[in-house]
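A.B. asks: Take this structure, written in structure tokens, and hold onto it; I'll ask about it next.
The values are calculated or read from the model by the stated rules, or taken from the named source; none is laboratory data. It should be emphasised that the depicted structure is a prediction, and the values quoted were computed from it without experimental measurement. Please note: Cβ atoms are built from the backbone with ideal geometry, for glycine as well, and neighbour counts cover all protein chains shown. Only protein heavy atoms, including side chains, enter the accessible area calculation; ligands, DNA and RNA are left aside. Shrake-Rupley method; radii C 1.70, N 1.55, O 1.52, S 1.80 Å.
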Amino acid sequence: VESFLSEYKRSRVIIEATVRASLNRALEFEKKFQKPFYEFAVDDILDMYKSMHAISDRSLQNTNLTLKHAARWIIDKKGLDAKSPYEDITKELMLSCVDAKRKKDMTLTKDDLVEIQGELLNWTDKGILQMLFLGAGSNWLKELTFFDMSQVSRKDGSIYFRTGKIIPITEEDYELIKNACAEEELISFGETSRISKVKSYGLYKQRFNALSDNGDPTDEQDLERRFRFIQRRLLLISKDLGMQLNSGGLQTSGLLQHLRQGVDESGLKFREYVKTTEAKELARRYDILSELYGQILIDKFEKYFL
């Protein structure tokens with residue numbers, strides 16, 4: 001497996017952690033089925049895929065592609081008269097392994113977000129999802145489109161947006177966002193994995209032949225052009241993963257994640273927690289600015305705490 005991975009990294013554009021996770025999962029299921037993963041039956045493979053509780057058939061397709069190539073490579077190296085069983089796994093079979101309940105809910109947990117990010121090749125796309133989940137937004141999403149690393153204090157562990165909003169971040173958040181802002185090449189979605197050089201303005205990227213950087217946050221046309229960049233990235237991610245991702249849904253998911261964390265850490269009931277200053281600050285972080293924020297939180301999220 002290690003020898004295969006070394007060769008696979010040379011021949012394809014991959015995220016090593018994601019490929020390694022697929023291989024490790026197959027090795028774990030070798031213990032369950034008492035045979036090498038390149039000898040699994042179709043039903044064995046589908047059982048393994050269902051255990052992933054995937055919300056995207058793309059993650060299953062990527063896993064199957066990795067294991068198909070790994071099985072072929074090992075069968076060839078061992079001189080066996082066999083074919084990779086993963087070649088018999090059709091898209092329809094993979095779709096049957098998607099966790100329909102989780103996909104229908106589409107309220108993402110932090111683990112779901114990490115799983116989705118693991119399927120993406122561009123740091124920019126990972127960073128956009130991360131920032132929305134953390135609560136970046138405002139009118140025309142200008143906290144994303146006009147964001148750069150000068151607004152981040154690693155020492156304080158916070159982002160200080162020009163809108164006045166402050167969002168705490170972890171060291172892991174910092175590294176991901178830094179990589180996203182530094183990225184000056186974008187890999188296209190699809191089979192070609194074509195690489196395009198871009199100008200980087202934080203999370204906002206442009207082609208090198210662009211006539212303007214659309215850099216005036218007081219100009220509505222510049223705001224709209226940068227906003228459309230974020231919307232297009234979300235559309236491309238959604239199409240590639242076969243799931244619907246949008247800015248509002250990601251922000252809602254992030255707010256729910258932090259509400260759950262707040263309720264757990266405080267020991268309060270949900271209705272008690274929404275009355276706290278902490279809940280009010282969370283609501284404002286996610287652009288719920290009304291003084292009726294408590295009722296808004298109850299109407300929107302109480303069903304998750306019953």
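A.B. asks: Placing +1 on the Cβ of each Lys and Arg and -1 on the Cβ of each Asp and Glu in the chain, which of ILE288, VAL152, TRP73 has its Cα farthest towards the positive end of the resulting dipole?
C.D. replies: Highest projection toward the positive end goes to TRP73.
A.B. asks: Which three lengths, in whole Å and largest first, does the chain cover when its Cα atoms are put on their principal axes?
C.D. replies: The Cα atoms of the chain stretch 69, 53, 36 Å along their principal axes.
A.B. asks: Also, quick follow-up: Give a residue-ordered list of calculated ³J(HN,Hα) values for the range 91-101 (Karplus: 6.51 cos²θ - 1.76 cosθ + 1.60, θ = phi - 60°; whole Hz; x for Gly, Pro).
C.D. replies: Computed from phi, the couplings for the range 91-101 are 4, 4, 5, 5, 4, 5, 9, 5, 6, 4, 5 Hz.
A.B. asks: Right, here's the next one. Just name one of ILE55, PHE4, MET94: the one whose Cα is farthest towards the positive end of the charge dipole of the range 4-120 (beta-carbon charges, Lys/Arg +1, Asp/Glu -1).
C.D. replies: Positive-end residue among those listed: PHE4.
A.B. asks: Using the Karplus curve 6.51 cos²θ - 1.76 cosθ + 1.60 with θ = phi - 60°, work out ³J(HN,Hα) for each residue of the range 145-158 in order, rounded to whole Hz, and write x for Gly and Pro.
C.D. replies: With coefficients 6.51, -1.76 and 1.60, one gets 6, 10, 8, 8, 5, 5, 8, 10, 10, 5, 4, 7, x, 8 Hz.
A.B. asks: Another one. Mean shadow of the range 175-260, computed from the convex hull of its alpha carbons, in nm²?
C.D. replies: 7.4
A.B. asks: Which value, in Å³ per residue, describes the convex hull spanned by the Cα atoms of the range 1-48?
C.D. replies: 84
A.B. asks: Quote the charge dipole size of the chain about the Cα centre in Debye, to the nearest 20; the model charges only the Cβ of Lys and Arg (+1) and of Asp and Glu (-1).
C.D. replies: I would put it at about 240 debye.
A.B. asks: For the chain, which whole-number percentage of the solvent-accessible area (1.4 Å probe, protein heavy atoms only) is attributable to carbon and sulfur atoms?
C.D. replies: Using a 1.4 Å probe with all protein chains present, the chain comes out at 49 percent carbon and sulfur.
A.B. asks: Hey, what's the range 107-249 come to in accessible area per residue, 1.4 Å probe, Å²?
C.D. replies: Values: 6980 Å² over 143 residues.
Spelled out: the 1.4 Å probe surface of the range 107-249, per residue, equals 49 Å².
A.B. asks: A further question follows. Kindly rank 82-93, 244-255 from highest to lowest mean number of other beta carbons found within 10 Å of each residue.
C.D. replies: Result, highest mean Cβ count within 10 Å first: 244-255, 82-93.
A.B. asks: Please get the size of the charge dipole for the range 229-306, origin at its Cα centre, with Cβ charges of +1 on Lys and Arg and -1 on Asp and Glu, quoted in debye to the nearest 20. Please list the in-between numbers first.
C.D. replies: Values: 12 positive and 10 negative charges, 51 e Å.
Roughly 240 debye, rounded to the nearest 20.
A.B. asks: Where nothing but the Cβ of Lys and Arg (+1) and of Asp and Glu (-1) is charged, how large is the charge dipole of the range 151-306 around its Cα centre, in debye to the nearest 20?
C.D. replies: 240
A.B. asks: Sticking with this one: Based on the Kirkwood radius over alpha-carbon pairs, what is the Stokes-Einstein translational diffusion coefficient of the range 23-163 at 37 °C with 0.692 mPa s viscosity, in µm²/s?
C.D. replies: In µm²/s, the coefficient is 184.
A.B. asks: Using only helices, what value at 222 nm comes out for the chain when you add -39,500 (n - 2.57) per DSSP H run of length 4 or more and divide by the total residues, to the nearest 500 deg cm²/dmol?
C.D. replies: Computed mean residue ellipticity for the chain: -17000 deg cm²/dmol.
A.B. asks: Looking at the range 109-226, what % of the alpha carbon pairs are farther apart than 19 Å? If you can, show how the numbers build up before the last one.
C.D. replies: On the way: 3331 of 6903 pairs.
Everything past 19 Å amounts to 48 percent.
A.B. asks: Which value, in Å³ per residue, describes the convex hull spanned by the Cα atoms of the range 145-188? The partial results should precede the final answer.
C.D. replies: Numbers: hull volume 3.7 nm³, N = 44.
Dividing the Cα hull volume of the range 145-188 by its residue count gives 84 Å³.
A.B. asks: Normalise the Debye intensity by I(0) for the range 195-306, one equal point scatterer per Cα, no solvent, then take log10 at q = 0.10, 0.11, 0.24 Å⁻¹ and round to two decimals.
C.D. replies: Debye intensities relative to I(0), on a log10 scale: -0.46, -0.54, -1.23.
A.B. asks: At 1.002 mPa s and 20 °C, plugging the Kirkwood radius over alpha-carbon pairs of the range 95-166 into Stokes-Einstein gives what diffusion coefficient in µm²/s?
C.D. replies: Translational D for this selection: 152 µm²/s.
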